[in-house]
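Read the structure below first, then the notes.
The values are calculated or read from the model by the stated rules, or taken from the named source; none is laboratory data. Computed from a prediction, not measured in an experiment: that's the story for all the values here. When we count neighbours, we look across all protein chains shown, and the Cβ atoms used for this are built from the backbone with ideal geometry, even at glycine. SASA here: full protein model, heavy atoms, side chains in, ligands and nucleic acids out. Shrake-Rupley method; radii C 1.70, N 1.55, O 1.52, S 1.80 Å.
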Amino acid sequence: MKKKYMQAAITGFSLILIGHSCFGASFSFTYLDAPGFGFNDTTPVSPIGGNNGITLGEQRRNLLEEAANRWALFLQSDIEIEVEAQFEALPCTAISGALASAGPVAVEKDFPNAPINDTWYVSSLANALSGADQFPSENDIIVNVNINVDADPACLLSLGFYYGLDNEPGLQIDLFNVLLHELGHGLGFLTLVDNDTFNFLEGTPDAFARNMFDLETDKSWVDMTALERSVSATNDPNLVWTGEFSKAGSRSIIKSQPILKILTPSNIAGSYDTRLAEFGPPFPPGGLEGEVVLVNDGVGVLSDGCEAPFVNANELVGRIALIDWATCLSLDKVKNAQDAGAIAVIVANTVSNPLLRTMLGIDPEITIPSAFVSLDDGNTLKANLSHLFVRISETPDRIGTNESLVRLHAPSSFQAGSSISHWSTNIFPNLLMEAALPLNLRPDLDLTLTAFKEIGWPLNEIPFPHQSYTTFVNESFPSGASLTSPADNPDGDDKTNLEEYAYGSNPLVADSSDNAISLSVLASNSGLLTYERNRLATDIDFSLGISSDLASFVEAISGTDFLQTNVQQLSNSVEELTVEVDLSAPQSFYEIGLELDPAP
């Protein structure tokens, strides 16, 4: 069943570039702009930030094609992904505006190898799964970029697009990240629900919506009425993404919410909210405790920590530095305090009371944790510096999650084109597919990859965050160093730690199923070998071995081909795999081989 989703008007001059990837997928590009405009602008420019284009149009094309190559590193598809792109005038004011828009040109359901029947998939994904171009006369993705960002001085404070590839846009808007984000939408990071009626397209849910869940109503979007979905779409923070890969990955990517507890003086004792810095380590789970000292850098605003060495550096050794925000980068403030011997930093807002995500950046040399507090709480600290002792601890709550699930963008006022088809803007640090693309975003596919796996994309082997045997050991045996060997069997159920991990069972409870692997006879010469596996065990290579004497096994099927043979998802974390085997030999024995990659 096919459905045309969006028809793009093709006008003016088209330039087609074929190829541009030697990885798991390939892209082609059709540029719809007229000569001398947009992607075809011939204005001479100088190379910038690794982008060697010598015209404005060439630099723009370079960015789109490099963004596609970034996606191609991970996507598996034998069918070329066809992108059409153009610049056009989109709404924009001095303080807000659309940077770009993108989406699939067509969607399809019930095609060969569709993971779930009666479900819409964007055409590029349907093509990848079916192995055939379902819409040979149509492109797959359309990308529209706002020409006003560069051309209209009244648009977004005249910041303009940055055309480098080095992720150093300064105060400009990094067009590479914008295009990386928009291609994510075209590849399937969006729901097709109608923004006015909240009905599914022709009454059929899409692969994205099948992962949307409302914690307040305890309902999946596919089980809701249109009215219920309209309410859920503005039900922040309860609209979440239920995918188990993303849930697991968020533990590595999304940072915890630290709590500042004032111990003394007693008149201000209690807990205070903070925001963790993007850079540096987190606060330890057991908390970091110390005396707070206000810095004095001796120049201008004495407490802003911008000049080093500090006048009172000796007082900061082994203590927690309190520094005022603004004036210079938070990275510099924290590094100066670290050089003075501080064990942690509290940065106090000086311009407004809300807790803002302002402590951003990357600096591997920063080795102490730091947190941001509001204007009012900062003033409270500064007014009570005598014998001011605090403890700062991480909490189980990760910023931008709810019940350990990643939140979707669901503000109280529905925003067409923004709500529900993005991650929440409250997530920290920022993610690629957030609703408001931040200026400091790193060019990283982060949790978009885990979400893509959950909507059905076949992906190349990638180091999914937090899904590894090492993490399994750390979580299962937090203080049991002697149990970390893959061959250990602490619960005595004849299944090693490695097997427990591979099959998704508890390594400390004798709960492993004896029927994890089974063989059923179909006919005299064929049978079905079935086993279950932990979907999150992405670093396990499974293989099927055959033997006639139990003395030696020959590998029959291995790797990706074996993993993708007749897969049935049993739950969010467990899947069942079945492969047909030859029983024609007089005597055959089978085993599932497990190999940890990389080995611990």
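For the chain, build the charge dipole from Cβ charges (+1 Lys, Arg; -1 Asp, Glu) around the Cα centre, then report which of 526, 268, 180 sits farthest towards its positive end.
Farthest towards the positive end: 268.
Quick one: net charge of residue 34's neighbours, Cβ under 12 Å, K/R +1, D/E -1?
Here the charged neighbours net out to -3.
What is the local net charge at residue 407, summed over the other residues whose Cβ is closer than 13 Å to its Cβ (Lys, Arg +1; Asp, Glu -1)?
Local charge sum for residue 407: -4.
How large is the dipole of the chain about the Cα centre if only Lys and Arg carry +1 and Asp and Glu carry -1, each at its Cβ, rounded to the nearest 20 debye?
1440 debye
If you roll a 1.4 angstrom probe over the protein chains with everything in place, what fraction of the accessible area of the range 267-343 belongs to carbon and sulfur, to the nearest %?
Percent of accessible area from carbon and sulfur atoms in the range 267-343: 54.
Give the residues of the range 319-346 whose amide nitrogen is closer than 15 Å to a point set 7 Å from the Cα of residue 268 in the direction of its Cβ.
Answer for the range 319-346: 320-325, 346.
Once neighbouring chains are kept in place and the probe is 1.4 Å, which whole percent of the accessible area of the range 104-148 is contributed by carbon and sulfur?
45 percent
Would you please give the FRET efficiency between residue 327 and residue 197, computed as 1/(1 + (r/R0)^6) with r the Cβ-Cβ distance and R0 = 60 Å, to the nearest 0.05?
0.75
Efficiency by 1/(1 + (r/R0)^6): what FRET value for residue 597 and residue 436, r their Cβ-Cβ distance, R0 = 41 Å, to the nearest 0.05?
0.60
Carbon and sulfur atoms: what percent of the 1.4 Å accessible area of the range 360-459 do they account for?
C and S fraction of accessible area: 49 percent.
Label points 7 Å out from Cα along the Cβ direction at residue 46 and residue 494: separation in nm?
With each label placed 7 Å out from Cα toward Cβ, I get 7.4 nm.
What does the net charge come to around residue 84 if you take all other residues with beta carbon closer than 11 Å to its beta carbon, with K and R at +1 and D and E at -1?
Net of charged neighbours comes to -4.
List, in order, the whole-Hz ³J(HN,Hα) value for each residue of the range 85-94 obtained from phi through the Karplus relation with A = 6.51, B = -1.76, C = 1.60 and θ = phi - 60°; use x for Gly and Pro.
9, 7, 9, 8, 7, 10, x, 6, 10, 5
Hey, can you find the accessible area per residue of the chain for me, probe 1.4 Å, expressed in square angstrom?
For the chain, the solvent-accessible area averages 42 Å² per residue.
Count the lysine pairs in the chain whose Cα atoms sit under 23 Å apart, keeping only pairs 8 or more residues apart in sequence or on different chains.
The result is 17.
Along the charge dipole of the chain, pointing to its positive end and built from +1/-1 on Cβ of Lys, Arg, Asp and Glu, which listed residue (31, 151, 279) has its Cα farthest out?
151
Expected output is a single nm value to one decimal: the length gained when fully extending between residue 412 and residue 113, i.e. 0.36 nm times separation in residues minus the C-alpha distance. What is it?
Length difference between fully extended and current span is 103.8 nm.
By how many nm would the segment from residue 526 to residue 506 lengthen if fully extended, with 0.36 nm per residue of separation less the alpha-carbon distance?
3.9 nm
When the chain is fully extended, how far beyond the present Cα-Cα distance does residue 234 get from residue 460, taking 0.36 nm per residue of separation?
Extra length available between residue 234 and residue 460 comes to 77.8 nm.
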